[in-house]
Amino acid sequence: MSGEALALVRLLQLASPTLPIGAYSYSQGLEWVIANGTVCDATSAERWIGDLLEHVIARGEAAVAWRLLSAAQDAEWTIYGQWNAWLRASRETAELRAETEQMGGSLIKLALDLELLDGSAREALTAFDPITLPGAYALSARGLGIATEPALIGYVWAWLENQIMASMKAVPLGQVAGQRLLHGLGARIPAVISTARSVSDDDVCSFAPGLALASAKHETQYTRLFRS
């Protein structure tokens, strides 16, 4: 198997919903907007998820993930630590912060169990505790030999797939409707990647009051399927 083909296999593994880090247990406030009727069908689910993808993920989490991936690839640990801390500070609710820390910690444990991290990465870990999900993802991508751009595509795809899976469970939506959403919203990912790579450091942002309110409301939602 060629190096390029093997890197693709490793990327598929890293972005897989079967990765044992608990992604399936989070909706990022989506369950609350479903409960209050904002999202009630495939059209409204596409609008909500698409807005998050283009206006929140592109200039926020994906932009930070790009910087973390690049810093980890080049072993620029000071820069890596700054962006890992930025991501943690940008989480606007207890649930959103707990989510990235829990999933990040689980992914790092998996990476250590699979012996993906070299000495430099393991040494850096001691300075960045707790680690965020994109921080752990960047270290895992480095260990698996995945280049930064395809790694970022995989990260955004995994986020999108999880949001659509959550909407399929909670709206609920059918399998075909979910695939239509993946097909349509997935076509926006190249533009999201372009934005994440081109936005300046000073313009990386996480201003998303609707998402923050949905997450905060979800903390006290009476019945729920998801942790956040």
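All of the numbers you see were taken from the coordinates with simple rules; none came from a lab. Quantities reported herein were computed from a predicted structural model and do not represent experimental measurements. Using ideal geometry, Cβ is built from the backbone for each residue, glycine included, and neighbour counts are taken over all protein chains shown.
So what is the 222 nm mean residue ellipticity for the chain from helices alone, if each DSSP H run of at least 4 adds -39500 (n - 2.57) and you divide by all residues, rounding to the nearest 500 deg cm²/dmol?
Computed ellipticity for the chain at 222 nm equals -20500 deg cm²/dmol.
Give the calculated FRET efficiency between Asn36 and Leu8 to the nearest 0.05, with a Förster radius of 45 Å applied to their Cβ-Cβ distance.
For Asn36 and Leu8, the calculated efficiency is 0.65.
Relative contact order, percent, of segment 26-218 when contacts are C-alpha pairs under 8 Å separated by at least 6 residues?
42 percent
Non-local amide H neighbours of Leu173 (under 5 Å, H modeled in plane, Pro and chain starts lacking H): which ones?
Residues meeting the criterion, in which the H sits 1.01 Å from N, are Met168.
Around Ser200, what is the net charge, scoring Lys/Arg as +1 and Asp/Glu as -1 over all other residues with Cβ under 12 Å from its Cβ?
Around Ser200, the charge tally is 0.
Need one number: nm distance between label points at Lys217 and Leu182, each 7 Å from Cα along Cα→Cβ, rounded to one decimal.
Distance between label points: 2.9 nm.
With θ taken as phi - 60° and the coefficients 6.51, -1.76 and 1.60, list the Karplus ³J(HN,Hα) couplings across segment 139-147 in order, rounded to whole Hz; mark glycine and proline as x.
5, 5, 4, 4, x, 8, x, 9, 5
Quick check on packing: order 205-213, 54-62 by the mean number of other C-beta atoms within 10 Å, highest mean leading.
In descending order of packing, they fall as 54-62, 205-213.
For the residue pair Thr18 and Asp201, what label-to-label distance in nm results when each label sits 7 Å from Cα along the Cα-to-beta-carbon direction?
Label-label distance for Thr18 and Asp201, simple model: 4.0 nm.
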